[in-house]
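Some notes on the structure that comes next.
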Amino acid sequence: MSADNAYAVELKGVSFYRGTRSIFKNVDIRIPRGKVTGIMGPSGCGKTTLLRLIGAQLRPAEGEIWVNGRNLPTLSRRELFDMRKQMGVLFQSGALFTDLDVFENVAFPLRVHTKLPEEMIRDIVLMKLEAVGLRGAIELMPDELSGGMKRRVALARAIALDPQILMYDEPFVGQDPIAMGVLVRLIRLLNDALGITSIVVSHDLAETASIADYLYVVGDSQVLGQGTPDELMNSDNPRIRQFMQGLADGPVPFHYPAPSYRDDLLGAR
Amino acid sequence: MSDASIRQVDGELCLSGVIDYSTGPALREEGGRLIRAAQATELVLDCSAVEHSSSVGLSLLLAFMRDAQKHGKSLVIRALPVEMRQIAQVSRLIELLPLRD
């Protein structure tokens, strides 16, 4: 049993493979309840995979994944369906339904997962859109929205069912500075005011460090480091320093392994 | 199944229990019936016995406000729990709710 109630999510000894390539090897991660936790690392290090493991869309090859006191790999399909209602995800792409207007996009999870009457669905949709500042946009179609607005509508949809855990997959990618500022403020507001546990997966260092209470840096199939943003900024671990300070070269080399350049260009083939 | 109810106690409406997506629809119906049937024109909705509420609880308050309005009655809300107040703040509902503490 897990279960330190201080943690909303706990990964214990989790390994996950794609074919023979290990994405995670015996990883331990603990996400404190009610806080914003950033999961950082270079592109391709398995951050999105991590969210899918927590969201029970993927099963680990080994290890335990505890969410709100339940070990996901041991649950039935039905139990997982119920667990997913406790989790909201803001996907990298926003993933709005392009043939539904803003209202129907936010109403969608309420229609699928609840039997609320139409008037209550309308109340909740308007409340969620008001929270993200887009109540006036209910009749717009997704292709009439800016990138920042799309992401806010997706956020309103992600909180439609009042999840206890909210996961953000690269929320800042492709956002202009104003939209980025709006998102940072919203993530913090939702977290603090509603007591949501937030997991922000990102490679945008400045934004993530600015809102996270706690950070994990992942890479090379493992947790390279963890701590408060300040602790990691001042880490003397060269791998963490390279990532946190954005150095092109370091323990993670700039060059993908390659044969000798000379041999490649001038050597006999 | 979560447990929740709305009842008339000493002339006041009392909302209690866990208000969520499973209990919301029945509470909506029962509350609407009580408001319609109430003799008084000034109704009080006491929320002090609400143990836990999602956004559904706020939607219920709005639905009851609409019911009261439709039947020419006034409604005030008493003892809104902190959790509901926080949801109301995030969705900027606080100014719209007839709160009396």
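Only Cα sites of chain B enter the Debye sum here, all with the same form factor; the resulting log10 I(q)/I(0) across q = 0.16 1/Å is -0.60, listed in q order. The mean of 1/r over all distinct Cα pairs in the range A:51-125, once inverted, gives the Kirkwood hydrodynamic radius of 14.4 Å.
Only the Cβ atoms of Lys and Arg (+1) and of Asp and Glu (-1) were treated as charged; on that basis the dipole of the protein assembly as shown about its Cα centre amounts to roughly 560 debye. Taking every DSSP helix (H) stretch of at least 4 residues in chain A, weighting each as -39,500 (n - 2.57) and dividing the sum by the residue count yields a mean residue ellipticity at 222 nm of -10500 deg cm²/dmol.
Between helix A:147-158 and chain A there is an angle of about 70 degrees, using the helix long axis and the longest principal axis of the Cα atoms.
For a paramagnetic label modelled at 7 Å from the Cα of B:ASP10 toward its Cβ, which residues of the range B:29-46 fall within the zone defined by backbone nitrogen distances under 19 Å? Residues B:39-46 qualify, since their backbone N sits under 19 Å from the label point. Our Cα-only numbers for the range A:17-96 put the radius of gyration and Dmax at 13.2, 36 Å. The lysines within cross-link reach of A:LYS12, meaning a Cα-to-Cα straight distance under 19 Å and a gap of 8 or more places when in the same chain, are A:LYS25, A:LYS47.
Measure nothing but the geometry: give the 0 to 90° angle between the long axis through the Cα atoms of A:177-194 and the longest principal axis through the Cα atoms of chain A, rounded to 10°. That works out to roughly 70 degrees. Three principal axis extents describe the C-alpha atoms of the range A:1-153; from largest down they are 48, 33, 28 Å. Peptide A:114-124 has a mean shielding of 6, counted as Cβ atoms of other protein chains within 10 Å of each residue's Cβ. Measuring nothing but how far apart in sequence close Cα pairs (under 8 Å, 6+ apart) lie, relative to its length, chain A scores a relative contact order of 24 percent. On a per residue basis, the convex hull of the C-alpha atoms belonging to the protein assembly as shown measures out at 173 Å³. Would you work out the relative contact order for the range A:145-269, in percent, from Cα pairs under 8 angstrom that are 6 or more residues apart? Value for the range A:145-269: 15 percent.
Each reported figure results from applying straightforward, stated rules to the coordinates on display, with no laboratory input. Treat the numbers as computed from the prediction; the structure is a model and nothing was measured. Reconstructed Cβ throughout: ideal geometry from the backbone, glycine too, with neighbour counts over all protein chains shown.
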